[in-house]
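Accompanying notes for the structure given below.
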């Protein structure tokens, strides 16, 4: 109940804040949409010369990219703003006190503290576009595949959040490393292409140690090809494992926090 | 002159305080290069052709290596004139006996210089790990590459001066400036070579001045541009610098009349 109250206040604050900065909101929405256009142009240039990329056709590759985009945007709506501020300001300025003294989970509270609802505007374009692209792939999508995909996409979004937390946790020790907030953005470069383009070593690392490839590739593979139980189980297991790691690291980092003197 | 040198030194000391942050930023930016190698290697493997739009695999890998370097000259996150005008800090610059346009250019140069220094180790690693694919320029082309890079930096500064000076007239422009620079980066061929496009889109991008930020210098580095063509490009950039500087001065001089010490 108290979480619901907090969320309601945060949503109201976010709406009031965004209403006052229409220029920022419009520019962010445009740059996000523009990135989609740039990437589609690049894919068109590539697929003018090849029929498939590591066995994936144009529409499948675009779908994979949109899958990445949707997960990043969804995280942007809910948690990205709070985590960015954590990496840039909260520990350095001592503002983390505000979150630490409340009788709620501080990791969750910080994460949801700065929602960016304007990302929903972009999602309203990218989600229907993803559905249209999936239908254009020429692959007969079974109902079970779609259900398995939705199940895995749900865990993907949560896994992306936990990995985002892990990337900013060092801020408890390295208070002036603003670039930590950019680490996950760079990881999205890896998530947007079929896993087949990478070497075996890269695949092993990004499917297990820091599983950003699993976030987009496994759900998309499940949608287009046969459902593999081991993929479903793996997705659930790594989400819980990285959730546990993220929480543990956060708690360890928190012990190192000494207000503005950090 | 000495006061500007001192200002450069002070600006450099200022950015030095954030050295670890610079270092991490440069390190994580190498991801784009390695992903590009993986992507384009797979594309060339699939097509079976040795060239795509006159680019070999070596050309395209060199393209991303050089654009990775040119990205360090992106001044969008090093220029704070707009924020100063908006916040009222511009008064500090305005009352001092110096050229404000030059002072902000010095701040940008210090930031870019430090960024370039911290990027160098990573650039060497990137070049070393892909050395079998790297195409080197001829000596004249290398000289023209350096000249075009320096001139295009000045051109980009003048272009950004216009955007920043608009703050005098229309208030906070930071997100619009970020968006304009983001779009300009794509139009400049930073994501992939403009040659890969076709039709009117390619013609349009080649007619715009932004190509001088990424595409043209890299083409010169790849020896795809002759010395005679390079000379024409340098003349073109000089003209664009004059145009952008002229417009920026117009916007700046008319705007400064609207400035009050409390910001805009």
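Here are the numbers:
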{"quantity": "Output for the stretch B:183-235, where each listed residue is in a loop (DSSP other than H, G, I, E, B) and within 14 Å of chain A (Cβ to nearest Cβ)", "calculated": "B:188, B:189, B:190, B:191, B:192, B:193, B:197, B:198, B:214"}
{"quantity": "Unmet requirement for residue B:79, which otherwise passes all of (1) more than 9 Å from chain A (Cβ to nearest Cβ); (2) in a helix (DSSP H, G or I); (3) surrounded by 21 or more Cβ atoms within 10 Å (Cβ to Cβ)", "calculated": "(2)"}
{"quantity": "Failed item, numbered, when residue A:235 is tested on (1) farther than 15 Å from residue A:191 by Cβ; (2) modelled with pLDDT of 95 or more", "calculated": "(1)"}
{"quantity": "Entirely in the stretch A:1-120, the helices (runs of 4 or more DSSP H) that have 1 or more residues that are surrounded by fewer than 18 Cβ atoms within 10 Å (Cβ to Cβ) and at the interface with another protein chain (Cβ under 10 Å from one of its Cβ atoms)", "calculated": "A:22-47"}
{"quantity": "Tally of residues being outside any helix (DSSP H, G or I) and either more than 30 Å from residue A:56 (Cα to Cα) or more than 7 Å from chain B (Cβ to nearest Cβ) (or both) across the stretch A:170-199", "calculated": "8"}
{"quantity": "Filter result for residue A:167 (modelled with pLDDT under 90, more than 9 Å from every other protein chain (Cβ to nearest Cβ), crowded, with 19+ Cβ neighbours inside 10 Å and within 19 Å of residue A:250 (Cβ to Cβ))", "calculated": "no"}
{"quantity": "Residues (in a loop (DSSP other than H, G, I, E, B) and either surrounded by 23 or more Cβ atoms within 10 Å (Cβ to Cβ) or touching a helix residue (DSSP H, G or I) at 6+ places or on another chain (Cβ under 9 Å) (or both)) located in the stretch B:48-68", "calculated": "B:50, B:51, B:53, B:54, B:56"}
{"quantity": "Filtered residues of the stretch B:138-161 (kept if over 13 Å from the mean Cα position of the chain (by Cα), touching a residue at least 40 places away in the same chain (Cβ under 8 Å) and surrounded by fewer than 19 Cβ atoms within 10 Å (Cβ to Cβ))", "calculated": "B:138, B:140, B:142, B:147"}
{"quantity": "Residue match in the stretch A:133-143 (condition: part of a helix (DSSP H, G or I), under 16 Å from the mean Cα position of the chain (by Cα) and touching a residue at least 24 places away in the same chain (Cβ under 8 Å))", "calculated": "no"}
{"quantity": "Total residues in the stretch A:200-235, condition surrounded by 15 or more Cβ atoms within 10 Å (Cβ to Cβ) and in a helix (DSSP H, G or I)", "calculated": "22"}
{"quantity": "Residue match in the stretch A:136-157 (condition: within 21 Å of residue A:92 (Cβ to Cβ), more than 14 Å from every other protein chain (Cβ to nearest Cβ) and surrounded by fewer than 21 Cβ atoms within 10 Å (Cβ to Cβ))", "calculated": "no"}
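The values are calculated or read from the model by the stated rules, or taken from the named source; none is laboratory data. All of these numbers come straight from a predicted model, not from anything done at the bench. Virtual Cβ from ideal backbone geometry, glycine too; neighbours counted across all protein chains shown.
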